[in-house]
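The next block holds one structure in the form of C-alpha cells; read it before the comments.
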Amino acid sequence: MEEKLYYGCAYYPELWDEEAVDSDIRHMKKLGINVVRMGEFAWSVIEPEEGKFNTGYFAGIIQKLDDHGIKTILCTPTATPPVWLTYGHPERLFQNQSGEKLSHGARQHCCINHPYFIEKTKIIVEKIAESAGKLPGVIGWQIDNELKCHVSECYCETCLALWHQWLEKRYGTVDQLNKSWGTEVWSERYLAFEQVPAPVKTPFLHNASLEQAYKQFAREKTSRYCHMQAEIIKKYSSQPITHNSGEYFALDNPQLFEKLDFASFDDYAEAKDYAIMLRSYDYFRMLKKEVPFWVMETSPNHNGCLTGAAVPHPAGYLKAEAAAAYISGAQGFSYWLFRQQQAGCEITHGSILYAWGAPTTGYTDVTEAGLVKEKIEPYIMKTHIPRGKVALMYSDTARMTYEVEPFENYDYWKMIQMAYEEDIPHNMMTDVIHEDTDLKGYPVLYTPFMACMKEDFIKKAVSYVENGGIWITGPMCNYRTSEHTVPLDGGFGTLEQYAGAKVKYLESFTDAGVNGKAFDTNMELSMLSAVFDVKEAKPLGFVTSGRLEGEVFLTEQRLGKGRLILIGSRPKQAIRHNFMQKLLTHYLEINGVQLFWKSDGGIKTVERLGDDGTVYLFAVDMSGKGGFLSICREFEVVFGERVEGGIELKPYETVLVRV
C-alpha cells in the first residue's frame with residue numbers, strides 16, 4: 001500500500017453488467033475515487049455450487065479498475081454463506097439464546113465455530129488469496145465484514161462443546177471454577193465441566209460470572225476465526241490485512257486487531273451526532289498506534305434499510321466528516337455504497353448513484369470532499385499526530401461487565417461517548433485507549449465507568465502516577481472483579497490500596513435527592529455512587545444533603561510524583577458538563593497543559609507535527625454553523641480566512657495554520 005491518502009467506496013460489480021461497470025468507473029474517476037472495496041458478499045458468485053469455483057471473476061474487474069488508477073481492497077466473502085452450505089443442515093446455523101436457529105436469507109447465519117463452516121471458510125479464502133494475491137491492483141485485504149454486527153454469542157451444540165474445553169483450559173479444575181464463580185450460591189456447584197451450561201434461557205438470571213465468561217469465550221473464538229483467515233491470506237500476499245469493525249459489535253477489538261495489519265471501522269452517525277465519528281477516529285487510531293486507520297464505510301447521504309432511513313446529511317457535511325478523519329489519522333475514507341442496490345434489504349440505503357445510474361444528492365458532496373482531501377493531503381503526509389493530552393479509557397472488559405449487569409440500564413458505549421463529549425475540555429486532543437496502551441507521556445489518564453480493572457492494568461496505572469502522571473478514575477471503578485464477582489478487599493478492590501481512601505458506602509444516588517459540592521460547584525449527584533472513608537487522601541468533594549451528608553465523594557492522593565483522583569459520584573446532566581470539565585482542566589493545568597488556541601464548540605481541532613518540528617493546526621467546522629478559531633501565537637495561514645486574532649471558519653470549512 002502506497003504512502004498516500006485513499007478515497008473510496010464499496011462496490012459490487014457482481015450486481016451489474018459490463019456497461020454499468022464501465023459507466024461507474026467513469027464516475028469514480030470524476031469524483032476522485034482511487035480505491036474500492038469489494039467481494040465481501042460474493043461467496044455465491046465465487047462458489048455458486050459446492051466445490052465449483054469461479055475464482056477468476058474479480059481478476060478482470062480488479063485489472064480494469066487498476067487501468068484507471070483505482071486500487072482494490074479485496075474481501076473474503078464469509079459474511080454471506082450460500083444456501084448450499086446450510087440447506088438441510090440446521091446444525092451449521094447460528095443458534096440464539098432462546099434456542100432458535102437463524103435462517104438463510106440475510107447474513108451471519110452460520111455458526112463460525114462449526115467445523116464444516118470452518119473447513120469451507122478455509123477453502124474459499126485460500127482460493128481467493130491464491131488467485132488474487134499477486135495482482136498489482138490489490139493493495140489490501142478485508143476479512144469478512146462487520147463480524148458479530150447482527151448476532152452476538154452463538155449457543156449451538158458445537159459452541160457448547162468448545163465452551164467446556166475453554167473452561168477446562170482456563171480454570172484447570174472444576175473446583176477452581178466453582179471457587180472463582182461462587183457457585184455455592186443457589187446450589188449452582190458443578191461436578192464436571194460438561195455440566196456447565198451456556199447461558200441460554202433460564203427461569204430467572206444466570207450467575208454473572210458464567211455470563212461474563214461466555215462473552216469472553218465467544219469473543220476469543222471470533223478473533224481466532226478472523227486470525228485464521230489472515231494466516232491463509234499471508235501465504236499468498238504481502239499486502240496489509242484488516243477487518244471492518246465497529247465499537248458496538250460483540251467483539252474485543254484490541255484482541256481482534258492484534259494480529260491484523262491495520263484497523264478499520266464503519267459508522268453511520270447522522271450529521272447532528274458528528275461527535276460519535278470524532279470519538280471513533282480517536283479510538284481506532286489507537287488500536288494500531290503506528291499504522292493509520294481507515295473509515296471503511298460511512299454513508300454519502302443517509303443510512304437505511306427496509307425498516308426506514310436516517311436523516312440525510314446537510315449539504316457540505318461530508319467534506320467536514322472526511323477532513324476530520326484524515327487529520328485525525330485516517331489513511332482511507334470510504335463510502336457505502338457507490339451504486340444503490342436494485343434488490344435486497346438495503347434498497348433504502350443512501351448511495352452515490354441511484355440504481356439506474358443517475359447521481360444522488362450525495363454526488364456533489366462526495367466531489368467536494370474529494371477536493372478537500374486533495375488540498376490537505378500534502379500536509380497530512382508530512383506530519384504526524386503527537387500523543388494526546390488526555391488518555392480516555394475504553395475497555396471491552398468493562399463493556400461486557402455492563403452487558404451482564406446493566407443496573408440502571410447503563411450502556412457503557414453511551415457513557416464513554418458522554419464522557420468524551422461532556423467531560424473533556426474542548427480542543428483537548430484525546431486518545432481513546434485500551435488496557436494495553438502504553439501510558440507514558442500522557443498528562444492525564446481518565447478511566448470513567450471502568451467497572452472491572454485487570455490487576456496488570458492497575459499496576460501499570462499506579463506506576464504511571466508514580467512517575468508524574470495524573471490518574472482520574474470513577475465513578476463505578478473496579479467494583480467488580482475479572483470474574484464478575486464482588487471484590488472482598490474493599491468496594492473498589494485493590495485500587496483502594498493506592499487511593500488513600502476506602503469505599504464506605506456504595507449505592508445509587510439517581511433521583512434520590514442527594515446533593516454535593518466540589519470545586520465551588522453545587523450539584524445533584526446521580527448514578528451508582530460511592531462515598532469514602534478517607535485515610536491519607538485529600539477530600540475534595542462532600543455530600544451536602546440526605547442521610548450521607550458530610551461524607552466524602554471525591555478525593556486526591558499523592559503517589560510518587562503524581563496524583564490519583566477518585567470520583568465516587570457524578571453530577572446530573574444540568575451541571576455535569578461544567579463540573580467535569582472544570583475538574584479535568586484543573587489537573588491538566590497542574591501537569592502543564594496549556595493550549596495556544598481556542599475555538600467555538602462545533603470546531604474540531606487537531607495539532608500535527610512536521611518532521612522538522614513545525615507545528616500545524618488543522619480546524620474543521622463540524623456543526624455547519626461556522627465559527628472562530630482564536631490563536632494566541634504568531635501564525636501563518638496555509639489556507640483559510642485570517643481575521644484579527646485568528647481565523648473565521650465558514651460552515652463545514654477546513655483551515656490550516658502553521659505556527
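Computed from backbone phi with θ = phi - 60° and the Karplus coefficients 6.51, -1.76 and 1.60, the 3J(HN,Hα) list for segment 160-175 is 4, 5, 5, 4, 5, 5, 4, 5, 5, 5, 6, 9, x, 10, 5, 5 Hz; x is used for glycine and proline. Each 5 Å bin from 0 upward holds the following percent of the Cα-Cα pairs of segment 266-331: 3, 17, 29, 23, 14, 8, 4, 1, 0.
Share of antiparallel DSSP beta bridges in segment 438-596, in percent to the nearest 5? Here the antiparallel bridges make up roughly 75 percent for segment 438-596. Looking at segment 553-645, the trypsin sites (Lys or Arg not before Pro) that sit in a DSSP loop and have at most 13 other Cβ atoms within 10 Å of their own Cβ are K561, R633. Backbone amide hydrogens, once placed in the peptide plane, bring F94 within less than 5 Å of L102, C110, C111, excluding anything fewer than 5 places away on its chain. Taken over segment 84-127, the ratio of Cα radius of gyration to 2.2 N^0.38 Å equals 1.16. Considering only alpha-carbon pairs that sit under 8 angstrom and 6 or more positions apart, the relative contact order computed for the chain is 10 percent.
Beta-bridge orientation, the chain: approximately 60 percent antiparallel, per DSSP, counting only bridges with both partners inside. With contributions of -39500 (n - 2.57) from each DSSP H run of at least four residues, the per-residue ellipticity at 222 nm computed over the chain stands at -9000 deg cm²/dmol. Mean separation of Cα pairs under 8 Å and 6 or more residues apart, divided by the residue count, gives segment 313-370 a relative contact order of 38 percent. Each principal axis of segment 382-506 carries a Cα extent, and these read 51, 33, 22 Å when sorted largest first.
Qualifying GluC sites (Glu not before Pro) in segment 584-651, where qualification requires a DSSP coil assignment and no more than 10 other C-beta atoms within 10 Å, comprise E634, E644. Diffusion of segment 457-581 by Stokes-Einstein, at 20 °C in a medium of 1.002 mPa s and with Rh set to the Kirkwood radius over alpha-carbon pairs, works out to 147 µm²/s. Computed over all pairs of different Cα atoms, the Kirkwood value for the hydrodynamic radius of segment 144-208 is 13.3 Å. Put simply, the amide H of Q340, placed in the peptide plane, has neighbours under 5 Å in I352, L353, Y354, A355, leaving out anything fewer than 5 places away on its chain. Based on the convex hull around the alpha carbon atoms, segment 271-430 presents an average projected area of 11.4 nm².
Counting every pair of alpha carbons in segment 513-557, the share spaced more than 17 Å apart comes to 23 percent. Treating segment 562-635 as a set of equal point scatterers at the Cα positions, no solvent, please give the Debye-formula log₁₀ I(q)/I(0) at q = 0.20, 0.22, 0.25, 0.28 Å⁻¹. The calculated log intensity ratios at q = 0.20, 0.22, 0.25, 0.28 Å⁻¹ are -1.07, -1.13, -1.18, -1.24. Rg and Dmax of the chain, based on Cα coordinates, read 26.0, 77 Å. Taking GluC sites (Glu not before Pro) across segment 390-455, the ones in a DSSP loop with at most 13 further Cβ atoms lying within 10 angstrom of their Cβ are E408. In sequence order, segment 536-551 has phi-based couplings of 9, 5, 8, x, 10, x, 10, 6, 10, 7, x, 5, 9, 3, x, 6 Hz under the Karplus curve 6.51 cos²θ - 1.76 cosθ + 1.60, θ = phi - 60°, and Gly or Pro positions carry x.
3J(HN,Hα) along segment 220-228: 4, 5, 5, 4, 5, 4, 5, 5, 4 Hz, from the Karplus curve 6.51 cos²θ - 1.76 cosθ + 1.60 with θ = phi - 60°, whole Hz, x for Gly and Pro.
Every read-out reported here was derived from the displayed coordinates using simple, explicitly stated rules and does not represent laboratory data. Source: prediction; values computed, not measured. Ideal geometry is used to build each Cβ from the backbone, glycine not excepted, and the neighbour counts take in all protein chains shown.
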